[in-house]
1. Counting partner chain Cβ atoms within 10 Å of every residue's Cβ in B:67-73, what's the average?
2. A:V212: net charge of surrounding residues, Cβ under 13 Å, Lys/Arg +1, Asp/Glu -1, itself excluded?
3. What's the exposure ranking of B:V58, A:V245, going from fewest to most Cβ atoms within 10 Å?
4. Which of the peptides A:340-351, A:363-374 is most tightly packed, and how do the rest follow, judged by the mean count of other Cβ atoms within 10 Å per residue?
5. Over all Cα pairs of region B:61-131, how is the pair count split among 5 Å bins, expressed in % and running from 0 up to the last occupied bin?
6. Let me know the mean shielding of B:24-33 by other chains, meaning the per-residue number of their Cβ atoms within 10 Å of its Cβ.
7. So how much slack lies between B:Y29 and B:I114, counting 0.36 nm per residue of separation and subtracting their Cα-Cα distance, in nm?
8. So how long is each side of chain A along the principal axes, counting just the alpha-carbon atoms, biggest first, in Å?
Amino acid sequence: METAEGTVVIEPDLEFIRDLSRQTGESYKQCFQCGTCAATCPISPDVHPFPRKEMAWAAWGMKDRLLRDPDVWLCHHCNDCSVRCPRGARPGDVLAAVRREGVLHYAAPRFLARWVSRPKYIPLLLGIPAVLLGLALLFRDRLEEALGIAVPSGEPIVYAYSSMLPHWLLNSFFGVFGILAFVAAVTGVVRFWRAIKGAESQGMPRPRTKGVGASTLSVIRRVLLHEKFTSCATDNSRLVAHLCVFFGFIALAVVTTWIITNPINPVLRNGFAYPFSFWSPWKLLANLGGLAVFVGCALMIWERLYDSDNAGSSTFFDWALLWTLYAVVATGFVTELLHYLRMVPHRHVAYFIHLVCVFALLIYLPYSKFAHLLYRMTAMVYAEHSGRDDDEASRLASGA
Amino acid sequence: MKLSNPLRTGNTGRVVALCGLIILLPIGYSAVRALIPQRSEVPQVFLEKPLAAFQDCVEETSYMRVHHMDLLKQLREDVIRDGIRGEVTLEQCARCHTSRERFCDRCHQAANVILDCFGCHYYPEPGSEAQGL
């Protein structure tokens, strides 16, 4: 808090300190502000570099400062700082814990983020989609009659899944919750953006180097190219893992979008018969994407289990996202296998579990570690927009 | 486990471009197929229409399309296992659907559903009886 005389009275947030300690094992209290971390970080800007200042704020329990700080999200947790820290304070892990606090703080509604961050709520969080989907299944026939879209179903000739969970049901189920999750995600991003802007008005005004739109486009390009990942040294195998998961996920998203838009998509007039045959280019892409996510996810899990010095300490927040992702792909492939084996009702049960996992991954996105895609991109856009990214700013200034 | 990373030599861009290309391939494939007018590769299931004289089946066409096998199984149960010979018989089916090859088999071949009934059983093709009407 700033007083009239200009002195700053620090009000430590004890609850925040306690939470950080639980997440990092109090390592951050070892920091003696030498600045090795900020000097060694390959992606930290030259002006006001991170993570030294964040380490001080963390020790002082300055929650407001940390949550409004975009630098926390510029960090890609490669742990170059953690392995070089002479005190073993593990700045990389501290910033990860602060990011978790950020997700909890900016989420809308907040209680959902609290649930997602605690293991004891797992049964509830998985139970909600399971019960809702189960009810939809139970009342499917009555719903179909009420909506006037009932189709007589006999013994299935083509072994599609739609005989049990028709497309209209899945599309509307995931559509409704998808819109809710989207609204929650946008709310979180807007809250975060306002907080960063608010912090700016209290401190030094920063020069504007780029419009928000242009910054966003540039950030998307840099995220696609994994620019920040490539400059990290210590945990460099994370680049391969993240590339696999990232592009595998995009491939799966593209196939899903195309299937959903099938009836209205002008590109899909000929030969888009669903369910696909195994050698359909779409099926091949879906399988390839699933395989890429599976491999990338396995790499990440392996690293966290057996190379935790470099990968960083792992909390429930990290594991929840990784294992959900793993469960989605694993149940997906099990479902596909059972489908080819024509095992009924096993394949339907596997499909049901798969859908519950997909719900947990996508609908809880704004509340889980998956939200890093929202907040990190927001912070990166802000960094470009404000000229925080030094190199980018000097390049623009010199007109190159 | 430490992986030596081939991507660190600065060819991440090429890898990303390759990923993008692979993802765009099926879209291009579908776009090309949508643009080029072509005869459908899906075999046209030509079903021989039942004889015009017999308009009324035992059930609606939409019902028969998905439930004919259930009715046939019921018929089998009734006749073979329970010894009940009702009014509906297989011969009655054959009066309208005069040819098994041109009606049952064509659809079953297209849908790749293998019929094993007529490996043993005789499909009564009435020929003269039906055509006489």
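Please treat every number below as a calculation from the coordinates, not as lab data. Keep in mind that what you see is a predicted model, and the values were worked out from it rather than measured. Every residue, glycine among them, receives a Cβ derived from its backbone with ideal geometry; neighbour counts consider all protein chains shown.
1. Neighbouring Cβ atoms belonging to other protein chains average 2 per residue here.
2. So the environment of A:V212 carries a net charge of +2.
3. B:V58, A:V245
4. For the peptides A:340-351, A:363-374, the packing ranking is A:363-374, A:340-351.
5. In order of increasing distance, the bins hold 3, 13, 22, 30, 20, 10, 2 percent.
6. Averaged over the peptide's residues, the number is 6.
7. Gain in length upon complete extension: 27.4 nm.
8. 80, 50, 43
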